[in-house]
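Trainee: Mind looking over this structure? Questions follow.
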Amino acid sequence: MQRLVGLAPVIAPHTRLVVLGSFPGVASLAEQQYYAHPRNQFWPILSHMWNIDLRALPYPERLAEVRARGLGIWDVYAHCRREGSLDSAIEAAQLNDLARLRMLAPGLRAIAHNGGESARAMRVTRTLGVPVHRLPSTSPANASWSFERKLAAWREVFKEAELL
């Protein structure tokens, strides 16, 4: 297995909430876009909460919308070895420098981990002095949660961070 390298953070100084995934899947790495798998519910959840079809926008415009609304996107792992896209297949993972979040986003109010593998880094993110949340994964592998149930959990965190 080759060493895979993740994506750059999408964070602005005025970012209030950062959503941390685990590591980009095969589709995301191929496209060099966060949450590129067509069945991942990340973009549909944001679209529903913000009443805008983000998937209809070109990727750079999606990121501009995310930044403008105070949301940041990153992953807990900088690189790893993995076959396929499942978090359970991640090996030899190296954490991103999550302590940099406070420097990259001085206005940071909260951190949300997108799924269980990302939440394993809560021991690090809890040291940053902001509320830390564990959200249900938007991955198509998380089929036990309905879209509506995921949306409700995500909406609660976004309201608390004043992104709605």
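The values are calculated or read from the model by the stated rules, or taken from the named source; none is laboratory data. This structure is a prediction, so every number in the text was calculated from the model and none was measured. Glycine also receives a Cβ, built like all others from the backbone with ideal geometry; neighbour counts cover every protein chain displayed.
Trainee: If the requirement is being closer than 24 Å to E162 by Cβ, touching a Leu at 6+ places or on another chain (Cβ under 9 Å) and free of Cβ contacts under 8 Å to residues at least 60 places away in the same chain, which of these qualifies: R149, R102, R134, R109?
Mentor: Just one listed residue meets the conditions, R102.
Trainee: Also: Checking the conditions here, which among L20, L7, L29 is touching a residue at least 24 places away in the same chain (Cβ under 8 Å), buried (at least 17 other Cβ atoms within 10 Å of the Cβ) and part of a helix (DSSP H, G or I)?
Mentor: None of the others qualify; the one that does is L29.
Trainee: Might you check whether a residue that is hydrophobic (A, V, I, L, M, F, W, C), modelled with pLDDT of 95 or more, surrounded by 13 or more Cβ atoms within 10 Å (Cβ to Cβ) and within 16 Å of H37 (Cβ to Cβ) occurs anywhere in segment 72-81?
Mentor: yes
Trainee: Would you pick out the residues in segment 145-156 that are in contact with a Pro (Cβ under 9 Å, 6 or more places away or on another chain) and either assigned to a helix (DSSP H, G or I) or surrounded by fewer than 15 Cβ atoms within 10 Å (Cβ to Cβ) (or both)?
Mentor: Those that are in contact with a Pro (Cβ under 9 Å, 6 or more places away or on another chain) and either assigned to a helix (DSSP H, G or I) or surrounded by fewer than 15 Cβ atoms within 10 Å (Cβ to Cβ) (or both): F147, R149, K150, L151, A153, W154.
Trainee: Identify all residues within segment 45-64 that are in contact with a helix residue (DSSP H, G or I) (Cβ under 7 Å, 6 or more places away or on another chain) and buried (at least 16 other Cβ atoms within 10 Å of the Cβ); write none if there are none.
Mentor: Of everything in segment 45-64, those that are in contact with a helix residue (DSSP H, G or I) (Cβ under 7 Å, 6 or more places away or on another chain) and buried (at least 16 other Cβ atoms within 10 Å of the Cβ) turn out to be I45, L46, S47, H48, M49, L54, R62.
Trainee: Looking at (1) surrounded by 19 or more Cβ atoms within 10 Å (Cβ to Cβ); (2) under 24 Å from V5 (Cα atoms); (3) in contact with a strand residue (DSSP E or B) (Cβ under 9 Å, 6 or more places away or on another chain), which is the only condition L104 fails?
Mentor: Every listed condition holds for L104 apart from (1).
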